[in-house]
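Participant: Okay, here's the structure, questions in a sec.
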């Protein structure tokens, strides 16, 4: 199954405008068999990559808070399938979207790669950004 590597989140907060530029980057690495399938079936949608933002919680429940889903979705194969594909998700958000609790917030990106044939999913968390929104 494909893997996700180099997952990173960066948040640039403009306190004057009360907005945050949120960027998640990653690399999707396909196996030799998956690459062969993508090259043979160029018109098929075999994989889907989406990204979400979550608030990390270490409280009693331990349940992280869902914050946002990027509208951009990437499908594979693309026009030139390769074994390693870099992707970037970027959005400008109001700071309130990332204000998940009182005090300092802990935000991470969650990348979800779905094999559309088997419906098996691979997920990868980015680094956690600590900041008050």
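The values are calculated or read from the model by the stated rules, or taken from the named source; none is laboratory data. Model, not experiment: these values are computed from the prediction. In this analysis, Cβ positions are derived from the backbone assuming ideal geometry, glycine residues included, and neighbour counts consider all displayed protein chains.
Participant: Which condition from (1) part of a strand (DSSP E or B); (2) surrounded by fewer than 15 Cβ atoms within 10 Å (Cβ to Cβ) is the one that residue 11 breaks?
Facilitator: Answer for residue 11: the failing condition is (2).
Participant: Checking residue 73 against (1) under 17 Å from residue 22 (Cα atoms); (2) crowded, with 17+ Cβ neighbours inside 10 Å, which single condition isn't satisfied?
Facilitator: For residue 73, the failing item is (2).
Participant: How many residues does the stretch 103-129 hold that are at pLDDT 95 or above and in a strand (DSSP E or B)?
Facilitator: Here the count works out to 18.
Participant: I want to confirm something. Restricting to the stretch 7-18 and keeping residues that are in contact with a strand residue (DSSP E or B) (Cβ under 9 Å, 6 or more places away or on another chain) and without any contact (Cβ under 8 Å) to a residue 24 or more places away in the chain, which single residue is nearest to residue 126 (Cα to Cα)?
Facilitator: That would be 12.
Participant: Going through 84, 118, 40, 132 one at a time, which residue ends up being within 18 Å of the chain's Cα centre (by Cα) and either farther than 13 Å from residue 7 by Cβ or without any contact (Cβ under 8 Å) to a residue 12 or more places away in the chain (or both)?
Facilitator: The conditions single out 84.
Participant: Something else: Kindly evaluate residue 93 against the criterion of being modelled with pLDDT of 95 or more, surrounded by fewer than 14 Cβ atoms within 10 Å (Cβ to Cβ) and under 28 Å from residue 48 (Cα atoms).
Facilitator: Criteria not met by residue 93.
Participant: Still on this structure, I have one more. When only residues in the stretch 27-69 that are part of a strand (DSSP E or B) and touching a helix residue (DSSP H, G or I) at 6+ places or on another chain (Cβ under 9 Å) count, which is surrounded by the most Cβ atoms within 10 Å (Cβ to Cβ)?
Facilitator: The extreme case among them is 53.
Participant: Also, quick follow-up: Can you tell me how many residues in the stretch 80-90 are assigned to a loop (DSSP other than H, G, I, E, B) and surrounded by 12 or more Cβ atoms within 10 Å (Cβ to Cβ)?
Facilitator: Number of matching residues: 3.
Participant: What is the one condition in (1) free of Cβ contacts under 8 Å to residues at least 60 places away in the same chain; (2) surrounded by 15 or more Cβ atoms within 10 Å (Cβ to Cβ); (3) more than 19 Å from the chain's Cα centre (by Cα); (4) closer than 15 Å to residue 131 by Cβ that residue 106 does not satisfy?
Facilitator: The number of the failed condition is (3).
Participant: Next up: I need the full set of residues from the stretch 107-133 which are under 21 Å from residue 38 (Cβ atoms) and touching a strand residue (DSSP E or B) at 6+ places or on another chain (Cβ under 7 Å), in order please.
Facilitator: Within the stretch 107-133, 111, 112, 113, 114, 115, 116, 121, 122, 123, 124 qualify.
Participant: Condition first: surrounded by 14 or more Cβ atoms within 10 Å (Cβ to Cβ) and out of contact with any helix residue (DSSP H, G or I) (no Cβ under 8 Å at 6 or more places or on another chain). Now tell me which residues in the stretch 14-26 satisfy that.
Facilitator: Taking the stretch 14-26 first, the residues surrounded by 14 or more Cβ atoms within 10 Å (Cβ to Cβ) are 19-20, 22-26.
Hits for the stretch 14-26 are 23, 24, 25, 26.
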